[in-house]
1. Just need a number here: residues in the stretch 53-85 that are out of contact with any strand residue (DSSP E or B) (no Cβ under 9 Å at 6 or more places or on another chain), part of a helix (DSSP H, G or I), surrounded by fewer than 21 Cβ atoms within 10 Å (Cβ to Cβ) and not aromatic (Phe, Trp, Tyr).
2. So, in the stretch 100-109, of the ones that are closer than 21 Å to residue 148 by Cβ and more than 15 Å from the chain's Cα centre (by Cα), which residue ends up modelled with the highest pLDDT?
3. When you go through 161, 187 one by one, which is the residue that is crowded, with 17+ Cβ neighbours inside 10 Å, within 30 Å of residue 279 (Cβ to Cβ), modelled with pLDDT under 85 and under 21 Å from the mean Cα position of the chain (by Cα)?
4. Out of 25, 98, 89, report the one residue that is under 16 Å from residue 209 (Cβ atoms), of a type in the set (Ser, Thr, Tyr) and surrounded by 24 or more Cβ atoms within 10 Å (Cβ to Cβ).
5. Which one is nearest to the chain's Cα centre (by Cα), of the residues in the stretch 192-209 that are small (Gly, Ala, Ser) and farther than 16 Å from residue 95 by Cα?
6. Within the stretch 230-277, track down each residue that is part of a helix (DSSP H, G or I), modelled with pLDDT under 80 and of a type in the set (S, T, N, Q).
7. Can you find even one residue in the stretch 50-60 that is at pLDDT below 75 and not aliphatic (A, V, I, L, M)?
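The values are calculated or read from the model by the stated rules, or taken from the named source; none is laboratory data. Quick caveat, the model's predicted, so the values are computed rather than measured. Note that each Cβ is placed from the backbone with ideal geometry, even for glycine, and that neighbours are counted across all protein chains shown.
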Amino acid sequence: MSEATAPGQSRAPAPLAGTGPLFLSALCYGLNAAPAREAAGLGLPGPDIVALRNVLLFAGLVLLARLAGWRLAAPRRDWPALIGLGLASACVGVGYISAVGYIPVGVAVMVFYAYPLLILILSPLVDGTRPTPLGLAAFALAFAGLAVAIGPSFDALDPRGLALAGLACLGAVAQLFVAARAPGGGGVATVAWAQATMIPIAVLFALAMGGPAPLAAWRAAAWPAFVTIALYMAAYVLQMRGMRRTPAAAAGLIYCLEPIVAIAAAALWLGERLTATQYLGAALVVAALALDVARRAREKGA
């Protein structure tokens, strides 16, 4: 069976069909932060986990395709899109994880999560869609909520950290636009070859950062590392499936939920207490998401 006819893969457009997978993806990405932070505290650096998760996901998908009889070969015309998707995803993973080594997490998150606004600005040029007043209000509300919830401090910033966070931001913009057009319907071939492109970049970066970590660190951080990798795999697969049916601008707004989930996960997993402003910021983001869902539902019924 070819990738194009694998079970559950349909290219028929459905305006709201992709939002479910994207919400689940944002949830998994957000939950991913707490175990990754715990693993780092146990001596296992983020770049090592990034490299391993790319290798494992690629190997797992190749095995799945072999067992199911799916073909992973992609036509030559699809190679640029698949390579572009892998490069963009690598910029997100490598840039975001590395940025927090130079600047506060809150600053890195604020720089990174400028990407939904960039997508909104670029959507008329890339997708030919014009933002509506309600759409603009939802984005403004979501970004305000992130600013309130994260509350970064901008003192003594290292330009290297800002550059890396900016790289991750631009990578996220490219990732969502390319994923919306990715060949293979966002299925096994799409995810597999994107991971294959990411592997050498992630491995080289892990080596440049002093990796691989000693075996003792892997043993000590085995459980949080496993959770981090499993959540990433689920998040990325869901993202690729959902993006095929969702405009990049709408997806960018949905992913504003990710840092809010990360804050809540840190409170539950690591015992970090939420402040009143963080609760307020989370409420603003949820309100923005509700506003955008209601807007798109109304436009569908119009």
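1. Residues in the stretch 53-85 being out of contact with any strand residue (DSSP E or B) (no Cβ under 9 Å at 6 or more places or on another chain), part of a helix (DSSP H, G or I), surrounded by fewer than 21 Cβ atoms within 10 Å (Cβ to Cβ) and not aromatic (Phe, Trp, Tyr): 17 in total.
2. That would be 103.
3. Of 161, 187, the one residue that is crowded, with 17+ Cβ neighbours inside 10 Å, within 30 Å of residue 279 (Cβ to Cβ), modelled with pLDDT under 85 and under 21 Å from the mean Cα position of the chain (by Cα) is 161.
4. 98
5. 194
6. 277
7. no
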